[in-house]
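Participant: One structure, pasted below without further comment.
Derivation of every value follows stated rules applied to the coordinates shown; laboratory data play no part. Here the structure is a predicted model, which means the values were calculated and not measured. Heads up, the Cβs are rebuilt from the backbone with ideal geometry, glycines too, and the neighbour counts pull from every protein chain shown.
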Amino acid sequence: MPVTPVDLNNANILITGPTGQVAAPIVDALSKIANVTALARFSKDSAKEAFEKRGIKVIRADLADRNSLAACPDEFDYVLNLAVVKSGNFAYDLAANGEGVGNLMARCKSAKAFLHFSSTAVYEYAGLSPRKESDPLGDNHRSMFPTYSIAKIAAETVCRFAAKQFEIPTTIARLSVPYGNNGGWPYYHLLMMKEKIAIDIHPEGPNSYNLLHADDYIEKIPYLLGAATTDVTTTNFGGSQAVSIEEWCAYLTELSGFTPIFNEKATAFGSLSIDTSQMHALIGETRKDWREGIRAMVENLSPELLR
């Protein structure tokens, strides 16, 4: 049986990385039922003001700079860390992602639970085999994002240390491919298909992933928080259905009439589907069918592309 979900109604919740694609729907959903504070660098005042106009508290801080976190109180019931930096500069990206999670946890020691969003990009490429949480880690995304996989691995390591050091119940959720009505990887592929831009795929196909719709990841957050322990629970986090780039592009062709141009390339991201056994045991199965989710995404963002 899945773990018991926590009750987030009226909870004080800190969400980092609130302007990102994954976090934005979470902020929207949780701000309706809880007291949400959004923490980010807010390089643009307009982004900060947009949250404030919606009645969401904001903290302007850089996780890489622990002194800037002085503005962050230690008063949150739950912390959701979705901040990510992939500038390509190793020194800054390791500080922001690795040291950053440590700085944040040191600041929020009284939290009932801490949820750190990692990525399946931490896994070493292993062909078509679904990745288990215990499988070897590696520099998976180097071809496109030089610092990303290494910084994500570093962040997980610091997160585990801080959870044990400060006795903060913690879950690390390794995201597969998140998407929703505000976009995601399949939407970029649709735009590439429209413009007849080649889509790089690994020659060892099918290139499978576990698309995770925003509706599902929002629904599962209370379960992920409920699974948190001071020994740190690490779990894959993706949709229960595995689907390949080739399959979702074929479905996008059905919807739009645009045809993908695939470019087989050994340096392209290879198949990175996940073993969902532990995830299902902890938080249960996801509910959104990937076809339904993709169609809704296109209807929301570019209805004129539907035929």
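Participant: Which residue, Asn210, Thr276, Val298, has the largest displacement toward the positive end of the dipole of the range 199-307 when charges sit on each Cβ (Lys, Arg +1; Asp, Glu -1)?
Facilitator: The Cα lying farthest towards the positive end belongs to Val298.
Participant: About the Cα centre, and with charges only on the beta carbon of Lys, Arg (+1) and Asp, Glu (-1), how big is the dipole of the range 12-157? Nearest 20 debye, please.
Facilitator: 300
Participant: Here's another thing I want to ask about it. Would you count, across the range 41-178, every pair of lysines whose alpha carbons are under 14 angstrom apart, provided the pair is eight or more residues apart or spans two chains?
Facilitator: 4
Participant: Scaled to the compact-protein estimate 2.2 N^0.38 Å, what is the alpha-carbon radius of gyration of the chain, rounded to two decimal places? Walk me through the numbers before you get to the answer.
Facilitator: Values: Rg = 19.0 Å, N = 307, 2.2 N^0.38 = 19.4 Å.
Computed over Cα atoms of the chain, the ratio equals 0.98.
Participant: Lys/Arg Cβ at +1, Asp/Glu Cβ at -1, dipole of the chain taken about the Cα centre: which of Ala228, Ser143, Phe76 is farthest positive-ward?
Facilitator: Phe76
Participant: Treating the beta-carbon of each Lys and Arg as +1 and of each Asp and Glu as -1, no other charges, what is the dipole magnitude of the range 257-307 about its Cα centre, to the nearest 20 debye?
Facilitator: 80
Participant: Separate question: What is the chain's relative contact order, in percent, from Cα pairs under 8 angstrom and six or more apart in sequence?
Facilitator: In percent, rounded to a whole number, it is 20.
Participant: Pick out, in residue order, every one of the GluC sites (Glu not before Pro) in the range 72-144 that is DSSP loop and has at most 13 other C-beta atoms within 10 Å; say none if there are none.
Facilitator: Details: sites: Glu75, Glu99, Glu124, Glu133; in loops: Glu75, Glu124, Glu133.
Filter output for the range 72-144: Glu75, Glu124.
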